[in-house]
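Below is one structure, written out as structure tokens, with a few remarks after it.
The values are calculated or read from the model by the stated rules, or taken from the named source; none is laboratory data. Just so it is clear, the model here is predicted, and its values are computed rather than measured. A quick note on method: Cβ atoms are made from the backbone with ideal geometry, for glycine too, and the neighbour counts reach across all protein chains shown.
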Amino acid sequence: METEKYIEHLHSCALCGHKCKVDRLSGELGECRSGPEIRISSFGPHYGEEPELVGHFGSGTIFLSNCNLSCVFCQNADISHQGIGVKIERDGLVKVMLDLQKRGCHNINWVSPTHLTPLLLPALEIARNEGLDIPLVYNTGGYDSLENLQMLDGWAGIYMPDAKYGDSAAAYKYSGAPGYWEVCRQGLKEMHRQVGDLLVQNGTAAKGLLVRHLVLPEDIASSMEVFEFIAEEISTNTYINIMDQYRPCHNAREFPELDRRLSQNEFKAAAMLAESFGLHRGFMNYW
């Protein structure tokens, strides 16, 4: 298979900005704490995503275990930090994706796939050969290496990255991700090069880039830098979901600046800032 060769990337893993270079095929573990197997915590039609992904019958979401980020405010710490989930073989994953399509889902949505890309792609290739024809949503924390994204060229239909921070110092402090903003910017450019602006057909996303940005208290996420970069170096037609649902989770209460919910004024200021840069898709109906 065309994608089978990508598993060799796990011999010296550089799938994300950490570039741990560990030999995961020999059992060495890097920052993602993952070896040479796929683990999932759950799957099924999901109705809590963006309306363009949900449609009428849901986004076919597969929640993957572990993560290459260590966000202190993680809302899914049991899955992302503790690795809760079960091992699934390639054939089992193929069956899951085909089943989600049969259930009417509009897409296959891999949640936190960065550390597993070379293992997931062969299953996707088999599923495509067996009739899977709905888009793949690559739902990532935005800390993907170019090496990783280039493997996905032609396979990912919809990229849905977080742009968590416009400042790498904050990303290192709160998510353990050195150089995050540099890696994220490079990744956003590559994703947009591959799939372009989000294309919506009959109310449902068909292809393109959809960016998420969670506004944090005290402007910890440096929202202006994120919006400015997207508007000036990606596209003012970028669909960007500016999210207001921050709440202290996991270890956030250890950081006084994160130990509160986002205020309505903070969120509104961020949305107005995005609009001032000419961004206009994905958030106008939420504030």
Q) In the range 29-60, which residue that is polar (S, T, N, Q) and not in a loop (DSSP other than H, G, I, E, B) is surrounded by the most Cβ atoms within 10 Å (Cβ to Cβ)? A) Ser59
Q) When you scan the range 109-147, how many residues do you find that are in a helix (DSSP H, G or I) and either of a type outside the set (S, T, N, Q) or surrounded by fewer than 24 Cβ atoms within 10 Å (Cβ to Cβ) (or both)? A) 16
Q. Can you name every residue in the range 195-209 that is buried (at least 19 other Cβ atoms within 10 Å of the Cβ) and closer than 20 Å to Val226 by Cβ?
A. Val195, Leu198, Gly208, Leu209
Q: Could you check Tyr159 against (1) under 17 Å from Thr3 (Cα atoms); (2) crowded, with 21+ Cβ neighbours inside 10 Å; (3) in contact with a Leu (Cβ under 7 Å, 6 or more places away or on another chain); (4) not charged (D, E, K, R) and say which number it fails?
A: (1)
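Report the residue count in the range 163-195 for those that are in contact with a strand residue (DSSP E or B) (Cβ under 8 Å, 6 or more places away or on another chain) and outside any helix (DSSP H, G or I).
Our first condition is that a residue be in contact with a strand residue (DSSP E or B) (Cβ under 8 Å, 6 or more places away or on another chain); within the range 163-195, this holds for 163-164, 183-184, 187-188, 191-192, 194-195.
Adding the requirement that they be outside any helix (DSSP H, G or I) leaves 163-164.
Number of matching residues: 2.
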Q: Determine which member of the set Ile88, Ile84 is among the aliphatic types (A, V, I, L, M) and farther than 30 Å from Pro256 by Cβ.
A: Ile88
(Q) Can you find a residue that is at pLDDT below 95 and in a loop (DSSP other than H, G, I, E, B) anywhere in the range 86-94? (A) no
Q: Would you confirm whether any residue within the range 67-75 is closer than 30 Å to Glu28 by Cβ, of a type in the set (Phe, Trp, Tyr), outside any loop (DSSP other than H, G, I, E, B) and in contact (Cβ under 8 Å) with a residue 12 or more places away in the chain?
A: no
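When only residues in the range 148-162 that are under 14 Å from the mean Cα position of the chain (by Cα) and part of a helix (DSSP H, G or I) count, which is nearest to Cys13 (Cα to Cα)?
Asn148
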Q. Which of the residues spanning the range 77-95 are among the aliphatic types (A, V, I, L, M) and surrounded by fewer than 19 Cβ atoms within 10 Å (Cβ to Cβ)?
A. Ala77, Ile84, Val86
(Q) Pull out all pairs, ordered by first then second residue, where Cβ-Cβ is under 9 Å, the residues are six or more apart or on different chains, the first lies in the range 181-193 and is closer than 19 Å to Met224 by Cβ, and the second is of a type in the set (Val, Ile, Thr) and outside any helix (DSSP H, G or I). (A) Leu188/Val211; Leu188/Thr238
(Q) Filter the range 76-107 down to the residues that are of a type outside the set (S, T, N, Q), closer than 27 Å to Cys249 by Cβ and free of Cβ contacts under 8 Å to residues at least 60 places away in the same chain and list them by number. (A) Asp78, Ile79, Gly83, Ile84, Gly85, Val86, Lys87, Ile88
Q) Which residue out of Leu15, Leu25, Leu10 is surrounded by fewer than 19 Cβ atoms within 10 Å (Cβ to Cβ), aliphatic (A, V, I, L, M) and either within 23 Å of Val86 (Cβ to Cβ) or without any contact (Cβ under 8 Å) to a residue 40 or more places away in the chain (or both)? A) Leu25
Q: Could you tell me which residue of the range 159-180 is farthest from His115 (Cα to Cα), considering only residues that are of a type outside the set (Lys, Arg) and without any contact (Cβ under 8 Å) to a residue 40 or more places away in the chain?
A: Ala169
